[in-house]
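The values are calculated or read from the model by the stated rules, or taken from the named source; none is laboratory data. Treat the numbers as computed from the prediction; the structure is a model and nothing was measured. Don't worry about glycine lacking a Cβ; one is built from the backbone with ideal geometry, like all the others, and counts go over all protein chains shown. Heads up: the accessible areas ignore ligands, DNA and RNA and are worked out on the full protein's heavy atoms, side chains in. Shrake-Rupley method; radii C 1.70, N 1.55, O 1.52, S 1.80 Å.
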Amino acid sequence: MNRRDDPNPFDEENVNPFANGVSKTRSQPVAAVPPGFGQSYDATVDIPLENMNTSSQKSKDLASWEAELKRKEKEIKRREDALTSAGVPTEEKNWPPFFPIIHHDIANEIPIHAQRLQYLAFASWLGIVMCLVWNVIAVSVCWFRGGGVKIFFLAVIYAILGCPLSYVLWYRPLYRAMRTDSALKFGWFFMLYLIHIGFCILAAIAPPIVFEGKSLTGILAAISTFSDHVLVGVFYLIGFGLFCLETVLSLWVLQKIYMFFRGNK
């Protein structure tokens, strides 16, 4: 019996007896389903509302801060203009020119007949500053030669305290007294300027019962240093001379300003 023409029961072209009359052709590839909702690799973008609210709040705060800053700048400018129009001088720092730390304008703020005295007082203030700075230099040389570090620190303290305090306590009151002709400020100047002169006299002598060791370049300290180191003695003698010149200049300034004050009154 010839079975060559019998159809292959496993041929895919045959009708599947379990397909209920529906013929099955070759299986078609299933189209790739794009990843979407429900897939394991579904990409989601989470933007927390709290972060958005925080950024918005920061922007509002920054804008509010800028507006407040502009308002304060306008208020300060308005007050400065009001003071200028009222004739009240504003003290803008302008000296020294390379690094302004104080307000100083004798030519424009002090009356012409008092400017010479004010320049003399200014020279007196610069003189005490120079004396204290040289005192630090001389004491440093003594320290390097075995004088001890304690006197160096004391000299530095004298300079750090003496320079600004002399300006605040007696030079600035005199400057304002000359500018406004205030008897109260003149009295304050006279009282504290006498203390300044007393310090200069003590520094020129430098008694060991008052000051520690050789922390001031007075005549007694200069004499004692000559026996140990001549170079240190020379530095101390220069400091002694500076303190003497400052004392003489201060006495002259005190006399001139007192005569000026009595003449005005």
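Here are the numbers for this structure:
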item	result
Check on residue 167, out of contact with any Gly (no Cβ under 7 Å at 6 or more places or on another chain), at pLDDT 95 or above and open to solvent by less than 10 Å² (accessible area, probe 1.4 Å)	no
Hits in the range 70-104 - residues which are modelled with pLDDT of 80 or more and open to solvent by less than 80 Å² (accessible area, probe 1.4 Å)	94, 95, 96, 100, 102, 103, 104
Check on residue 107, farther than 28 Å from residue 238 by Cα, small (Gly, Ala, Ser) and either in contact with a Phe, Trp or Tyr (Cβ under 6 Å, 6 or more places away or on another chain) or modelled with pLDDT of 90 or more (or both)	yes
Residue count, the range 223-254 (criterion: open to solvent by 70 Å² or more (accessible area, probe 1.4 Å), assigned to a helix (DSSP H, G or I) and more than 30 Å from residue 191 (Cα to Cα))	4
Exclusive hit being farther than 21 Å from residue 249 by Cβ, at pLDDT 95 or above and either open to solvent by 20 Å² or more (accessible area, probe 1.4 Å) or under 25 Å from the mean Cα position of the chain (by Cα) (or both), set 137, 160	160
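So that you can scan it fast, the table gives a plain yes or no per residue for (1) more than 22 Å from residue 148 (Cα to Cα); (2) without any contact (Cβ under 8 Å) to a residue 40 or more places away in the chain; (3) of a type in the set (Gly, Ala, Ser):
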site	(1), (2), (3)
198	yes, yes, yes
209	no, yes, no
228	no, no, no
254	yes, no, no
262	yes, yes, no
